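The values are calculated or read from the model by the stated rules, or taken from the named source; none is laboratory data. These figures come from a predicted structure and were not determined experimentally. All Cβ positions, glycine included, derive from the backbone under ideal geometry; neighbour counts span all protein chains shown. SASA here: full protein model, heavy atoms, side chains in, ligands and nucleic acids out. Shrake-Rupley method; radii C 1.70, N 1.55, O 1.52, S 1.80 Å.
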Amino acid sequence: MLKVLVLSLIGGYIFSLLHIPIPWMLGPIVVVMLAQFIYKGPLKWSGKMRDLGVVMVGTVIGVNFNIDLFGMIGSILFYMIMLNVILIGGSIGIAYLTSKWAKVPMKAAILGAIPGGLGQIVVFAEEEKVEEIGVISYFQVIRLLLVVVFVPFIVAGQVMSKQPTDAKLTISLVLLIALAWVCSHLMKRIHLPVAFFITPIILLITLQLTTPIAMPQVPGIVMDVAQLLIGAHIGLMLKPHMIKLPVRVLVGGIFSAFALIALTFGSSFLMSFTLDATFATSFLSTAPGGLDQMVLLADAVNAEVSLVSMFQTFRLLFIFILIMPLMKMFYRWRAKKEVVYNQEQYQRQYNQGAK
């Protein structure tokens, strides 16, 4: 783990010198990912470090959450549903094209294209006995990497960078992060989706609404550390064995990722127009990347972090709670229909043979 930490620090420092957006996440991603293809020894990063980074992001969002958004939840909910319907419909269309060109089964192509969490998608694929787990993992990982690498450059020029603050790291902020970490583990045990992100936000909003506790200011170093913890994890996601897939599959994954970026780029203008939000806020709210990475980027470019976190969280919940159960029901129904059809065909052939 120490090797990955050193590589991440080097990558973050180099990218910060080059003034690249979210340097302490992009730097570790690029350097650690390249190191895997050069260094033959083991490179490891604890999943708990990534979880801690996500908890830190969630805590910062909770501390700075715009409570006024709750008064707009009625109108926002309609647009969240509409944009997610567009996203899922577009994902299925992209999966169809990818399936035909890359010669990948439609079911695997859909699971590779839907922008949900990698872990949950892979578990779902295993439950459905999909054989192309490697293809699905590659599609999900390459989408995440391309979104994280390219989206910052799309939005970086849209708004002024966030100005540094004079805030110092306080004991109260450290205690809030520790409390959020403990509560997140408890929520994880009851299988709350994206528990390490949602729990700190709910906790801090609840504290703001029900107690007189003053929320501390957040120094920039906190988000820099969170970027590094998450970036190191992402950098290790693209394994060398993944690029041994057929060329058509490799290209198909890249096409699928860029097509999803283009789809959300277009739908972000709809959100920008209807909700009077900035382009950066709208695009990061709809972009098919990881929830924590899009929120980190929103914070870096001074977008509306609360709105981005609401839209991104809703997308994941929409997929986990509605889309995946519907997919399971659909494939169960189709499997039964195929069994009945095959039985009828067999019976018909048997009857013809008896005559």
Turns out the helices (runs of 4 or more DSSP H) fully within the stretch 186-298 with at least 1 residues that are farther than 15 Å from Leu145 by Cα and free of Cβ contacts under 8 Å to residues at least 40 places away in the same chain are 195-210, 247-275, 279-286
Among residues of the stretch 302-319 being surrounded by fewer than 21 Cβ atoms within 10 Å (Cβ to Cβ) and outside any helix (DSSP H, G or I), the residue nearest to the chain's Cα centre (by Cα) is Glu304
Answer with yes or no whether Val194 is open to solvent by less than 70 Å² (accessible area, probe 1.4 Å), modelled with pLDDT under 90, in contact with a Ser or Thr (Cβ under 8 Å, 6 or more places away or on another chain) and on the phi > 0 side of the Ramachandran plot. yes
Looking across the stretch 1-53 at residues that are within 23 Å of Val151 (Cβ to Cβ), in a loop (DSSP other than H, G, I, E, B) and of a type in the set (A, V, I, L, M), the single one that is most open to solvent (accessible area, probe 1.4 Å) is Leu18
Scanning the stretch 97-115 residue by residue, the ones that are of a type outside the set (A, V, I, L, M, F, W, C), part of a helix (DSSP H, G or I) and under 23 Å from Glu127 (Cβ atoms) total 4
query = Does Lys239 fit the bill of being open to solvent by 20 Å² or more (accessible area, probe 1.4 Å), among the basic types (Lys, Arg) and under 20 Å from the mean Cα position of the chain (by Cα)?
reply = yes
Those residues of the stretch 88-112 that are out of contact with any Leu (no Cβ under 7 Å at 6 or more places or on another chain) and either of a type in the set (A, V, I, L, M, F, W, C) or open to solvent by less than 10 Å² (accessible area, probe 1.4 Å) (or both) come to a total of 14
Requested in this report: Kindly check whether there is at least one residue in the stretch 250-266 that is of a type in the set (Ser, Thr, Tyr) and over 13 Å from the mean Cα position of the chain (by Cα).
Outcome: yes
